[in-house]
1. Tell me the volume per residue, in Å³, of the convex hull enclosing the alpha carbons of the chain.
2. Give me the 1.4 Å probe accessible area per residue for the chain, excluding ligands and nucleic acids, in Å².
3. Return one quarter of the surface area of the convex hull spanned by the alpha-carbon atoms of segment 23-132, equal to its mean projected area, in nm².
4. Which trypsin sites (Lys or Arg not before Pro) in segment 1-104 pass both tests, a DSSP loop state and at most 11 other beta-carbon atoms within 10 Å?
5. With +1 on each Lys and Arg Cβ and -1 on each Asp and Glu Cβ, how big is the dipole of the chain about its Cα centre, in debye rounded to the nearest 20?
6. Run the paramagnetic zone check for Leu154: 7 angstrom along Cα to Cβ, then residues of segment 83-104 with backbone nitrogen under 20 Å.
7. Let a ≥ b ≥ c be the square roots of the eigenvalues of the Cα gyration tensor of segment 1-82; is it rounded (a/c under 1.5), or, if not, prolate (a/b larger than b/c) or oblate?
8. Nearest 500 deg cm²/dmol is fine: what mean residue ellipticity at 222 nm does the chain get from its DSSP H runs of n ≥ 4 alone, each adding -39,500 (n - 2.57), divided by its residue count?
Amino acid sequence: MAGVRRRVRKIDMEDIIRVGRAIGLRQLSLNAVAAELGVSTTALYRHVDGRWGLELVVGESLLGDLVLHDDPEHDIERHLLSFGLQLRAFVLAHAGLGTYMQTLFPRGEAGQRLMVSEIEALVRRGYTPDVAVALASAVASTAINFAVAEEAQLERISGLQQQRDDVAERLSTDERLGEAHRDLPEFDHEGFSTMVLTATIRGLLAVGPVGRPLHEVVVDLGSTGMGLR
């Protein structure tokens, strides 16, 4: 009597993306997706090119949900701040997405669409495309870096406040740092991110106003950097 042949489950890209999104980029792996789908990792390789390919389809699917709102009444500073805060909020809502974007951006069509959207918003405000790319990249990197750091803290939230209190108490009794520390205002994550983003944007706009060629901006910043060596 012939043995009963086991039926191989069929999967498609939609299945992989659906499960990958549910797992999240932070915990994403070929093994995790295969286990959830009830297939072997070999079956996944028929649809994605290893770990990089899996990250690509899941990450781009997530980025496809991000719609950047551009208020035409906003001047350049307010626009860039809104852009940075929108990115921060979206990254925080999707664990692991910040690291995905830090590693390489844009990787696919969704990321490219976001980049085009922001470049066009800055071009409408008078910038040339190359300077627009530089400004958008600097603001995006700052916002994403803050979000990734905040995400790391949230993962270790248990006991974090006690650690903060212990550090604050130690600093308050330090003869060199105590007075300075006592005068510092308290910020939550969003408030601190907003403050630093605003300072970053104002610095960028001071060195890269509308009409200044990118090579002059680069030379200016490069000369400043050389002076600090």
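The values are calculated or read from the model by the stated rules, or taken from the named source; none is laboratory data. What you see is a predicted model; the values in this text were computed from it and never measured. Cβ sites come from the backbone with ideal geometry, for glycine too, and all protein chains shown count toward neighbours. Surface areas here come from the heavy atoms of the whole protein model, side chains and all, with no ligands, DNA or RNA. Shrake-Rupley method; radii C 1.70, N 1.55, O 1.52, S 1.80 Å.
1. 181
2. Per residue, the chain has an accessible area of 63 Å².
3. Dividing the Cα hull surface by four gives the mean projection, 7.4 nm².
4. Arg5, Arg6, Arg7, Arg9, Lys10, Arg46
5. About 1340 debye.
6. 83-103
7. prolate
8. After summing the helix terms and dividing by residue count, I get -21500 deg cm²/dmol.
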